[in-house]
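Heads up, the thing below is written out as structure tokens.
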Amino acid sequence: MLDFITIVSGLPRSGTSLMMQMLSAGGLPALTDDLRQADESNPRGYFEFEPVKRLRTDRGWLDQARGRAVKIIHVLLRELPTNGTYQYRVILMKRPMEEILASQRAMLKRQGKPSADEAMLAKIYTSQFAQVEEWLGAQPTFLFLPVEYHDVLKEPREVAAKIDAFLGGGLDVGVMVQAVDPTLHHQRNTT
Amino acid sequence: MTRALTKRVLLIGWDAADWPLLRPLLDAGKMPNLLRLIEEGTSGQISTLRPILSPMLWNSIATGKRGDKHGILGFVEPTPDGKGVRPVTSHSRKVKALWNLLSQHDRRSVVVNWFASHPAEPVAGAIVSNRYSEAALHTAPVDESAFHPRDLTEVMEKLRLQASTLTPAQMLPFFLEKLPVDDDPRLQALARVYAQCASVHNAATYLAEAEEWDFLAVYYDMIDHVGHGFAQFEPPQMRHVSDEDFKVFRHVMESTYRYHDLMLGRWMELAGEDCIIILLSDHGFYHGEARPLANRGHLSGEREPGVTQDPLAWHRPNGIFVAHGPGIKKDQLIHGASLLDVAPTILALLGLPVPRDMDGSVLEQVTQSPLKIDYIASLEEPHPRDGVHRDAPIEEKDPWAAQQTLQQLAELGYIDAPDGDAAKLVAKCVEERESHLAQVYFSTARFEEALSILTRLTAQQATNPSYSCRQVMCLLAINRVDEAAEIIAEVVKSAPHYALGQLLFAQVELMKGNVESANAILSRVKEAEAHMPLVHLEVAMTSIRQGQWEAAADTCRRILEIDPDSAGAHDSLGVALRHLGRYEDAVYEHMRAASLQHDRAQTHVNLGLSLIRTQQINWAIRAFGVAAELAPNEPYPHRCLARIYRRILPDRDKARHHLLRARELRRKLGRTVPSFRHGV
């Protein structure tokens, strides 16, 4: 069993669920409770673990995450303990901002909720993301690999191989590639 | 090029200092330094802005702009991580303050304890932020971001006075006759406020001598804090105050003012002859018979003893203003000053360009000879030496946007929506910010914008009648009486004891022509709230709307007995007197109202109408012009100007210009009756 926690992170709707599917298919078990059911926004499921949302107040579940992959949104990464108790490898998903915002807007619309001002969101997300990258780079307990969402779709084999190497090898790259389904790419850059 | 009247300006802020309390102290020779400043300078009332909330007001003073522009809309803001709230910071101020403008013109400033000045901005000069005064309450080291330059930290540590080191005997000068027992929480509260004030004074006077400066601004909040804690104990003795408490605490308010006079004396020594001193407060404070009682505004049968716990209810709308120094008129009264005028005036006195995007005007009436002012469209473009924080993360600069982003993440289900006390605090501060912004819009006659916010707040806070009432006020201002009637009917049903709701109900009834019903409501309210000037004012307005001029005048006089500085009462009295044919008296009352609350456009319209009657046509034109500036969406001042240019001073071009403007505005507003036609 791996002694580090694999984290898939990024802005919401940047392809984190897709990455979780790839890892799971490739043989890295996902820490998930399946409480959040698949829906139109994520037809293959969210691969989420409910206690992650309470990371600010509850870190008791982190032991369960050793040797597994867990999805943690970008703003919560800095809530993880950095005292050396845990080692982390973070796959940081990147996607063009306009696609992320369009996807969030569509998801909220399906729930009957409005999206906040998108120009404002873009500014804040960009800033938060830059700070997270800077912070990750400065943490001795974290290693991170930025992954472009569109690279996953266009060159899944190359990306899967890179991820396998980043996580120390042993994943089934071929099955990881099969997990990528380009038809799920709803919000293209043309929106 | 603007010609400087002085090389240096010293701006001293006394939060909540009030003329009605100061006058007897001045007459008794208990404030000798202030008396000298007044006798050798120009002084008067300065009208506040709405809402009467200190962080907003002191930032309007420093920027010359209202809260919608400067962005400080309350005491607190959310932390960028959404975990709670924090005091408003200098990051949140969206426009430049005087010290930024001076810095980009290579002038040096010293700023101590100004609201929302933390973290200290790197301007030319020195800043001790408002976080420093909190250090008087604990022993932990002060965060060095409270200082610019950072190397001030060491000396400022030595200058802070810690409340815990004060002995009861050291507090005796505030009590004079008898000290409270050592563990009386009121004694401890006073010691804390005093330690904070003394720390600020130590820091500011130290920097006044140690630094080169062209502009020094220092803010003291002790008078306001002491007022909220101890004004209820000052004479005359209130019914709920025990004889013992009255004896012990009766002098605290007066002693606080006298302590400020001592500090002023020190400032007059430090400033020297070549410096203009401007002393002002952001608002007044109700004293004596005008002190607000508990349950004010509620028409329930039984009234709790004591005074209201709502701090804003204590704030009187007029503050004090005194200017003194080279080129300033001596022993003169000033009329019509507004907090917004302070920043442009200081720039003009220092010979710096005055931006036209400031909401205030230069107070040219304070100088012995006319100022030559160099106006510029704006100075808000970034400047390499303005000292504005630009490298901070966007979430620091706009914590409100950060909060909305976190809310979106919660809506998307990626983080848990915060809960518990912190979440309640964040929600409350977001709500208050919206509410304050609506008040800014309402006070500047932007009724539609105010209405849009209030409609949202009403939907979220259905049980709060205050939002619904303010919605009704907006609707009435834009003559949407039927919608107002529908909302107010709900309010009086759900909150029958809410006085403002009843007053607005009466107003709606009157506008619908139901005079008897309106009068019946008003007399019920009047009976229950005899000491509430607002009630009498509404009665006076009702009389005016019914053409009962003598009755209206009598009611206004009764209000002025309770609150001699009620701008609304003076203005309404002027309207009544004009209709009674006493035009000169009417002009006097409107002038008085305008000097007390200069930013009320209606008063200038009323003044213009009375001035026409006294044949002072050029002054009338000026009054309507001021009204048009203050309420740029209102057609009525332009209609008045069009009539003057058509019928009295024939000028076809000007008449046509104002007529077209009035029609255009009326079309935009989409209503048939301009709100100002009621004349009150």
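Key figures
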item	result
Among A:Gly174, A:Phe49, A:Thr16 - extreme Cα towards positive end, dipole of segment A:5-177, charges at beta-carbon	A:Phe49
Cβ crowding within 10 Å averaged over residues, with B:569-578, B:256-265 ranked highest first	B:569-578, B:256-265
q = 0.17 Å⁻¹, segment B:483-578: log10 I(q)/I(0) [Debye, one scatterer per Cα]	-0.70
Hydrodynamic radius (Kirkwood) for segment B:418-524, which is based on Cα pairs only, to one decimal in Å	14.5
Sites B:Leu179 and B:Leu270 - FRET efficiency at Förster radius 41 Å, r taken between beta-carbons, to 0.05	0.80
Charge dipole (the protein assembly as shown, unit charges on Cβ, about Cα centre) - positive-most of B:Val388, B:Leu166, B:Leu264	B:Val388
A:Met107, A:Met19 arranged by Cβ crowding within 10 Å, fewest neighbours leading	A:Met107, A:Met19
Chain B - Debye-derived log10 I(q)/I(0), Cα point model, q = 0.06, 0.09 Å⁻¹	-0.35, -0.83
Cα gyration tensor of segment A:5-177 - equivalent ellipsoid semi-axes, whole Å, descending	23, 20, 17
Amide H within-cut-off set for B:Leu293, under 5 Å, with H built and near neighbours excluded	B:Thr308
Charge dipole magnitude, Cβ of K and R +1, D and E -1 - segment B:348-387, Cα centre, debye nearest 20	200
Max mean-square fluctuation residue, GNM over chain A, Cα-Cα springs under 10 Å, options A:Gly26, A:Gly67, A:Gly169	A:Gly169
Amide H contacts under 5 Å for A:Val8, placed H, 5+ residues apart	A:Val70, A:Lys71, A:Ile72, A:Ile91
Ascending count of other beta-carbon atoms within 10 Å, so fewest first, for B:Trp114, B:Trp619, B:Trp267	B:Trp619, B:Trp267, B:Trp114
Cut-off under 5 Å, modelled amide H: who pairs with B:Arg8 long-range	B:Ile276
Net dipole in debye of segment B:425-552 [+1 Lys, Arg Cβ; -1 Asp, Glu Cβ; about Cα centre; nearest 20]	140
Proximal charge balance of A:Lys162 [Cβ under 13 Å; K/R count +1, D/E count -1]	-3
Cβ-Cβ FRET estimate between A:Arg110 and A:Thr141, R0 fixed at 25 Å, reported to 0.05	0.10
Residue (of B:Pro650, B:Asn514, B:His598) at the positive-pole extreme of the protein assembly as shown, dipole from beta-carbon charges	B:Pro650
Helix-only mean residue ellipticity at 222 nm for chain B, each DSSP H run of n ≥ 4 adding -39500 (n - 2.57), per residue, nearest 500	-15500 deg cm²/dmol
Average partner coverage of A:126-133, which counts Cβ from other chains inside 10 Å	3
Kirkwood hydrodynamic radius of segment B:322-396, Cα pairs, Å	14.3
Area projected by the alpha carbon convex hull of the protein assembly as shown, averaged over all directions, nm²	41.2
Debye log10 I(q)/I(0) at q = 0.12, 0.23 Å⁻¹ for segment B:129-207, Cα point scatterers	-0.37, -1.00
Estimated inter-spin distance, B:Leu660 and A:Thr126, nm [label 7 Å along Cα→Cβ]	4.3
Ranked B:His105, B:His658, criterion: other C-beta atoms within 10 Å, fewest first	B:His105, B:His658
The protein assembly as shown, dipole about Cα centre (Lys/Arg Cβ +1, Asp/Glu Cβ -1), debye to the nearest 20	2700
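Where a number appears in this text, it was derived from the coordinates with a stated rule and is not lab data. On a predicted model such as this, the values are computed, not experimentally measured, just so you know. Glycine also receives a Cβ, built like all others from the backbone with ideal geometry; neighbour counts cover every protein chain displayed.
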